[in-house]
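S.K.: Pasting a structure below so you can have a look.
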């Protein structure tokens, strides 16, 4: 086992991340499956066009048939022929609070998923492995709910204004001071929607003449914000520091493309935990590079705040770094705090600038008061300021659940992506029929999972994504693991060839991408 | 998966075939079409195997028998 560290001892703890390679046979069979479905897709499209079969999807009107076609691209083909067949695994309506167990409304389809009807029955107590409920704050009883109910009776639900006009409540000020203290930054600002935090604030920070270096697998909100800003965007390979360094070197040496002037700003966009891969960003190395090449870092901690670190303060605490090294710390309240919204934390000048120039502050309605109170109560609980150790216990429970669940799944023989410590656990399915089969079989066994396929993932790498929670007890996890084992045997999902290759921290050139060695 | 009985195992194998070729997702008439196409291709393959390989094997066997039966007389003939 090679434990020699080549990157100057930046990591205080072992960084165990693995993405096992797709077995060749599985890849070939997946393509076979997609080939068959594509052929049948063409057949069905032909039948719909020649009116042999009733056309139930959206088409152009008769008068518009000679115009530029709207529904002929691959996305729409995929939608009508592949997605429709397995559509019942998504958009399932739930009718209770999405805690560790959830109630779901049962629905059936009589015309192969084109329309659904509700039977009227409610499936109770489904083990919820899909909600982003990392610390278990999605509850309908408890201190958070009582505080939120009190604030609801005091302030009402709506704010009816933007932050800059009449929507700046004292609750918002209290929240922002609390979030700044929680993160260890000078100042913070909260917004009503996590997606809007990214997409509306990146254009306020960078503009034309700036360079954005964005990870390959960044979230749509970061990509949208980067594109809206008008800056030049360059992509580096996922979590690959050699690729990032090469881009930084090229940017400094060559400058802007035509005029060769130096870039006004270089902003590196990374996420704390990538939700589709379960991988954690190599933050010590990114910060070292950022300091060396004098660029700025925007860290999106949507999934990692509350979920990583010994006291739940995110990926910065997980690596033992100082929050002052990260220029813009962004996060959301949706995942670990059981509320909705996002925040940005950083230096006071930055946040004061954003209060004036952010699109979200100027045009978006501010956060609803009960939601703000839920966040305030949950943050206080995590920090331990409400006088109990509930928060600390939850953070530790989540870490234990993560380690246990991941270890058991790996022992069973599934291919699991990502870092050992991330509570997001992607289990590889690969074949399109198994996506639908897995979702249905797990629901039959009273476990709710989220399955993901194209276009959220590459076309052959479809997966089931489990989100662990501090609210899951060991018994629930054991039940879930037993059922996953059964379904894995039934559907033959145990692809892993158990080649446990240790992650080699050796310097390698830009031509190698795989971190594991054969 | 415990091999309880052969029919059960065969059914499980058939389910795996369904999952891999995505006929699990097809409507019944599509399944009928797909399976009939598959069976037709399989039948043709078996027929081709029977016609070609059987004839080839029998001629090879005949050559071998002639080798063993009359080594001296036919050796020159075969070499020519």
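Quick note: the coordinates plus some simple rules give every number you see, no bench work behind them. The structure presented is a predicted model; accordingly, all values stated were derived computationally and were not measured. Ideal geometry is used to build each Cβ from the backbone, glycine not excepted, and the neighbour counts take in all protein chains shown.
S.K.: Which peptide among A:141-150, A:313-322 comes first, and what is the full order, when sorted by highest mean count of other Cβ atoms within 10 Å?
M.R.: The most tightly packed comes first, giving A:313-322, A:141-150.
S.K.: Compute the length gained on full extension between residue A:47 and residue A:365: take 0.36 nm times their separation in residues and subtract their Cα-Cα distance, giving the result in nm to one decimal.
M.R.: Once the chain is fully extended between residue A:47 and residue A:365, it gains 109.7 nm.
S.K.: Ok, one more. Arrange the following residues from fewest to most other Cβ atoms within 10 Å of their Cβ: B:37, A:438, A:19.
M.R.: Least crowded to most crowded, the residues run B:37, A:19, A:438.
S.K.: Only Cα pairs under 8 Å and at least 6 apart count here; give the relative contact order of the stretch A:143-383 as a rounded whole percent.
M.R.: That works out to 31 percent.
S.K.: If we count other beta carbons within 10 Å of each Cβ, what is the order of B:41, A:487, fewest first?
M.R.: Listing B:41, A:487 from fewest to most nearby Cβ atoms yields B:41, A:487.
S.K.: Out of all DSSP beta bridges with both ends in the stretch A:143-383, state the antiparallel percent to the nearest 5.
M.R.: 40 percent
S.K.: Same structure, new question: Please give the length that would be gained between residue A:492 and residue A:109 if that part of the chain were fully extended, namely 0.36 nm times their separation in residues minus their C-alpha to C-alpha distance (nm, one decimal).
M.R.: 135.2 nm
S.K.: Additional query: Relative contact order for chain A: what is it in percent, counting Cα pairs under 8 Å that are at least 6 residues apart?
M.R.: 21 percent
S.K.: Please identify which residues in the stretch A:213-234 have an amide N closer than 16 Å to a label point set 7 Å out from the Cα of residue A:357, following the Cα→Cβ vector.
M.R.: Under 16 Å, as judged by backbone N against the label point of residue A:357, lie A:226, A:228-232 of the stretch A:213-234.
S.K.: To continue, here is another question. So how do A:43, A:308, A:205 line up by other beta-carbon neighbours within 10 Å, fewest first?
M.R.: Neighbour counts put them in this order, fewest first: A:43, A:205, A:308.
S.K.: For peptide B:11-21, compute the average count of partner chain beta-carbon atoms within 10 Å of each residue's beta-carbon.
M.R.: For this peptide, the per-residue mean of nearby foreign Cβ atoms is 4.
S.K.: Moving to a separate point now. Rg over Rh of the stretch B:3-78, using C-alpha atoms and the Kirkwood radius, what does it come to?
M.R.: 1.36
S.K.: Working out 0.36 nm times the residue gap between residue A:146 and residue A:66, then minus their Cα-Cα distance, what length gain in nm do you get to one decimal?
M.R.: 22.8 nm
S.K.: Please work out the Kirkwood hydrodynamic radius for the stretch A:270-339, using every pair of different C-alpha atoms, and report it in angstroms with one decimal place.
M.R.: About 12.2 Å for the stretch A:270-339.
S.K.: Count, for each residue of B:24-31, the Cβ atoms from other chains sitting within 10 Å of its Cβ, then give me the mean as a whole number.
M.R.: The mean count of partner-chain Cβ atoms within 10 Å per residue comes to 5.
S.K.: Suppose R0 equals 41 Å; then what is the FRET efficiency for residue A:170 and residue A:456 from their Cβ-Cβ distance, rounded to the nearest 0.05?
M.R.: 0.55
S.K.: Run the helix sum for chain A: -39,500 (n - 2.57) per DSSP H stretch of 4+ residues, divided by residue count, reported at 222 nm to the nearest 500 deg cm²/dmol.
M.R.: -12000 deg cm²/dmol
S.K.: Send over the Kirkwood Rh of the stretch A:143-383, from the inverse of the averaged 1/r over different Cα pairs, rounded to one decimal Å.
M.R.: 18.2 Å
S.K.: State the antiparallel share, in %, of DSSP beta bridges confined to chain A, rounding to the nearest 5.
M.R.: 60 percent
S.K.: So how far, in whole Å, is the C-alpha centre of the stretch A:338-375 from the one of the stretch A:219-271?
M.R.: Each part's Cα centre sits 26 Å from the other's.
S.K.: Compute the Kirkwood hydrodynamic radius of chain A, taking the inverse of the mean of 1/r over all pairs of distinct Cα atoms, and give it in Å to one decimal.
M.R.: When all Cα pairs of chain A are included, the Kirkwood radius is 24.8 Å.
S.K.: Averaged across the residues of A:22-31, what count of C-beta atoms belonging to other chains lies within 10 Å of each residue's C-beta?
M.R.: Rounded to a whole number, the mean comes out at 1.
S.K.: What distance in nm lies between label points placed 7 Å from Cα along the C-beta direction at residue B:57 and residue B:17?
M.R.: Between residue B:57 and residue B:17, the simple spin-label model gives 2.2 nm.
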